Amino acid sequence: MKFAVLIPAFALLSAPALAGPEAFHPGEVISEFGPVATIDIEMPIPEGTQFHVAFDVAEEADAGELNRTLVSAARFINMQAEAGVDPADIHLAVVVHGSASRDMTVQSFYGGVHEGAENANAALIEVLSAHGVQIYVCGQSAAYYDVTNESLLPGVTMALSAMTAHALLQQDGYTLNPF
């Protein structure tokens, strides 16, 4: 009976420790956003790999909070760079539609629809744009939410629609990231 109790205890002692959130650290390319964990990968990324990835975001962040998909774009860059991919070989686009269109706006517009809250996404969009990330807002959603070209943050481009942006990006070899 004592032996049966010792086996589960021994199994716990030999199990690998799980790191959890503390395993994440700032990325080497975009240190302010997109924390990553160092991974012992078994699926190698071939040398010379070029990524052309489109992210889709329709869900607006809570007022004053970062949009999760924009953070994911920064994390994608940081993960690939940590794995040895040259940042010049990472080409990302973010297609924004629905209420998320408001996350792409200047403070005067954003604060007006969010009771004066600060648009935390402005700094992230500036950094993403500086790293070549293309950000497109669906014109159809923008019209619905009264977002104009003038109310978009620098680095954000108005597209005819999200459907059009995705179709054109696919023609340019971009794959859609499902996360």
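From the list Gly64, Gly48, Gly34, the lone residue that is modelled with pLDDT of 95 or more and closer than 26 Å to Leu169 by Cα is Gly34. So if I check each of Gly155, Gly173, Gly98, which one is touching a residue at least 40 places away in the same chain (Cβ under 8 Å) and within 20 Å of His52 (Cβ to Cβ)? Result of the check over Gly155, Gly173, Gly98: Gly173.
Which members of region 42-74 meet the condition of being touching a strand residue (DSSP E or B) at 6+ places or on another chain (Cβ under 6 Å) and not aliphatic (A, V, I, L, M)?
Phe51, His52, Phe55, Asp56, Thr69
Scanning region 60-70 for any residue that is among the basic types (Lys, Arg), outside any strand (DSSP E or B) and surrounded by 17 or more Cβ atoms within 10 Å (Cβ to Cβ) turns up nothing. With the condition kept exactly as written, say whether any residue in region 112-120 is of a type in the set (Asp, Glu) and touching a residue at least 40 places away in the same chain (Cβ under 8 Å). Scanning region 112-120, I find at least one residue that is of a type in the set (Asp, Glu) and touching a residue at least 40 places away in the same chain (Cβ under 8 Å), so the answer is yes.
Here's the yes/no breakdown for (1) among the acidic types (Asp, Glu); (2) in contact with a His (Cβ under 9 Å, 6 or more places away or on another chain):
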{"site": "Arg68", "(1), (2)": "no, no"}
{"site": "Ile77", "(1), (2)": "no, yes"}
{"site": "Gln80", "(1), (2)": "no, no"}
{"site": "Ala93", "(1), (2)": "no, yes"}
{"site": "Asp103", "(1), (2)": "yes, no"}
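The values are calculated or read from the model by the stated rules, or taken from the named source; none is laboratory data. Predicted, not measured: the structure shown is a model, and the values here were computed from it. Because the Cβ atoms are built from the backbone with ideal geometry, glycine has one as well, and the counts that use them run over all protein chains shown.
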